[in-house]
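What follows is one structure encoded as structure tokens, with my remarks underneath.
The values are calculated or read from the model by the stated rules, or taken from the named source; none is laboratory data. Just so you know, these numbers come straight off a predicted model, no measurement behind them. Cβ coordinates were reconstructed from backbone atoms using ideal geometry, including for glycine residues, and neighbour counts include every protein chain displayed. Note: accessible area is taken over every heavy atom of the protein model, side chains too, but ligands, DNA and RNA are not part of it. Shrake-Rupley method; radii C 1.70, N 1.55, O 1.52, S 1.80 Å.
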Amino acid sequence: MKTAIITGASAGLGREFLRHLPMLFPDIEEYWLVSRSKDKLTEAAREVPRQCRIFPLDLTLDESYEKFAAELERLKPEVWMLINNSGCGFLGNVGEGELKKQTQMVDLNLKGLTAMTHVTLPYMHKGGCVINVSSIASFCPNPRMTVYSASKAYVSAFTGGLADELRPKGITVTAVCPGPMKTEFFDAAGDHDLFGNIPWCNPV
């Protein structure tokens, strides 16, 4: 059964991927949806005219990868698409504010993406694709977004190297680098005015 895996599927860009993929890729028969909120994942799954499995997992925690890897091993899906969309960003200077928020960006944006890719790739074959959600912030350092920008630079660099590794297997890897979007991401970040007059890239 052809399967797509979407992390951060319960809101924002991840939920937009979920809404549109069934129309664009009708051959995908099942969706595995990953996010922390079981209720939001259940709600998102109702909008999709395909079978969905929900995984309420916190991708900053090692045990989440272990649980997900165990399900992959048990069900052995034919993974057609992996969309690494989970991510977070918090504003503030390094050395100020909460340390937990700084390290959470590293754990989710770097570690989470790397781990999900690592455990999923054995179930992908020729014709499959990996989409990693990076950011325009990956292209240059940004004050008050130092850790976030660095984490997305990792995502873009990781994508380029992985694309070279998987090219002989016929698996494509793409980095998506959107600008700011008015989603729950910025509600958590705490500053909708940070980008001033820069155009917003809102899901449609």
Residues with amide H under 5 Å of Ile5's amide H, sequence separation 5 or more or different chain, H placed in the peptide plane at 1.01 Å from N; which? Trp32, Met81, Leu82, Ile83
Leaving ligands, DNA and RNA out of it, report the carbon-plus-sulfur percent of the accessible area of the chain at a 1.4 Å probe. 56
Semi-axes in Å, largest first, for the chain (Cα gyration tensor, √(5λ)) are 27, 18, 17
Taking R0 as 45 Å and r as the Cβ-Cβ distance between Cys140 and Lys67, the FRET efficiency 1/(1 + (r/R0)^6), rounded to the nearest 0.05, comes to 0.75
30 Å Cα-Cα threshold exceeded, pairs from Lys38/Lys169; Lys101/Lys169; Lys2/Lys38: Lys38/Lys169; Lys101/Lys169
Jot down the radius of gyration and Dmax of segment 46-106, Cα atoms only, both in angstrom. 16.1, 47
Equivalent ellipsoid dimensions for segment 1-79 as semi-axes, Å, which come from the Cα gyration tensor, largest first: 19, 16, 9
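For segment 72-145, what is Rg from Cα atoms divided by 2.2 N^0.38 Å, rounded to two decimals?
Dividing the Cα Rg of segment 72-145 by 2.2 N^0.38 Å gives 1.39.
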Helix 12-24: angle to the longest alpha-carbon principal axis of the chain, degrees 0 to 90, nearest 10? 30
Segment 55-66 - phi-based ³J(HN,Hα) in whole Hz, Karplus 6.51/-1.76/1.60, Gly and Pro as x: 10, x, 10, 9, 6, 8, 10, 4, 5, 5, 5, 5
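Taking the radius of gyration and the Kirkwood hydrodynamic radius from Cα positions alone, what is the Rg/Rh ratio for segment 9-54, to two decimal places? Don't skip to the answer; put the middle values down first.
Working: Rg = 9.6 Å, Rh = 10.4 Å.
Ratio of gyration radius to Kirkwood radius: 0.92.
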Taking the simple approach of a point 7 Å from Cα along Cα-to-Cβ for both Arg74 and Asp164, what is their distance in nm? 3.9
Karplus-derived HN-Hα couplings along segment 73-86 (A = 6.51, B = -1.76, C = 1.60, θ = phi - 60°), whole Hz, x at Gly and Pro: 5, 5, 9, 6, x, 8, 7, 8, 8, 10, 10, 8, 10, 4
Could you give the distance between the Cα centres of segment 83-104 and segment 1-42, to the whole Å? 24
Determine the gain in length on full extension of the stretch Ser37-Ala157; use 0.36 nm per residue of separation and subtract their C-alpha separation, reporting nm with one decimal. 40.3 nm
1/(1 + (r/R0)^6) with r = Cβ-Cβ of Glu96 and Val48, R0 = 35 Å, i.e. FRET efficiency to nearest 0.05, evaluates to 0.25
